[in-house]
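The values are calculated or read from the model by the stated rules, or taken from the named source; none is laboratory data. All values reported here derive from a predicted model rather than from experimental measurement. Cβ coordinates were reconstructed from backbone atoms using ideal geometry, including for glycine residues, and neighbour counts include every protein chain displayed.
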Amino acid sequence: MKPLRLAKLLATLFLLLAAAGVICLWFAGGNTGRWAHRSSVTIDRPTAEVFPWLHEPERMKRWMTGFQETRILTEGGLRVGARSIDVIESGGERYEMETEITALEQNRLLTARIVHESFTSLVSYELEELDGRTTVTYSCETRFAPFFLRILAPLIGRAAANQLEQSLANLRSVIEAS
C-alpha cells in the first residue's frame, strides 16, 4: 500500500473512531449536558459542630479539594440570597464561581446555586442527627453550557464524583480529628 493511501486510511479510521466516541458519550448521558451526584457521609459529631464546616471559608479550605478563597459580595452574613465569589484550583487552573445561598435551615440544610461561564450547579447539604452522629448528604446537579462539555458530561461527572467523595471523606476526618 502506498504511503499516501495508508495515511488517508489511518486518518479516516481515526475520524470514524472519534465520531464513534462522541456518539457513545452522547448516548451515555452527554446528550443532556447534565450531571447529577448524591453521596453521604456519617460523622461522629452533632450537627451543630458539623454545620459550620460547610460554610466557613477557613474551615472549607481544610477539607474541600481545591478550595482557595471566598470573596463576600453581600452584607448580612449567611442567609438566603447571600452571594460570594468562590475560587477553586483544579489541574493548575483557578476557577471563579458566583455562589448564591438559595435555602438555609441552621444545622439542617444549606443549598446554593453556583454559576460559572461553563456550567451552573445546584448543590445541597442536608444534615441529619441521630444519637450525636451527623449524616451529611451532598447532592449536586450540574448543567454544562458549551457543547463540548455537554458531550463530555459523563466523563467530567465521573471525575467530579471521585473528587467529591474524597472531599466528603476529608470532611469526616478533619471534623473527627478536631
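Observations, loosely collected:
- Taking segment 39-130 and the strands (runs of 3 or more DSSP E) fully enclosed by it, the elements with 2 or more residues that are in contact with a Leu (Cβ under 8 Å, 6 or more places away or on another chain) are at 83-90, 93-105, 109-116, 119-130.
- Being buried (at least 17 other Cβ atoms within 10 Å of the Cβ), touching a His at 6+ places or on another chain (Cβ under 6 Å), closer than 22 Å to GLN166 by Cα and not β-branched (Val, Ile, Thr) is true of MET97.
- Among the residues of segment 124-178, those identified as charged (D, E, K, R) and either surrounded by 16 or more Cβ atoms within 10 Å (Cβ to Cβ) or modelled with pLDDT of 80 or more (or both) are GLU126, GLU128, GLU129, ASP131, ARG133, GLU141, ARG143, ARG150, GLU165, ARG172, GLU176.
- Put simply, of ARG34, ARG59, ARG45, ARG38 the only residue that is modelled with pLDDT under 95, under 21 Å from TYR138 (Cα atoms), surrounded by 14 or more Cβ atoms within 10 Å (Cβ to Cβ) and charged (D, E, K, R) is ARG34.
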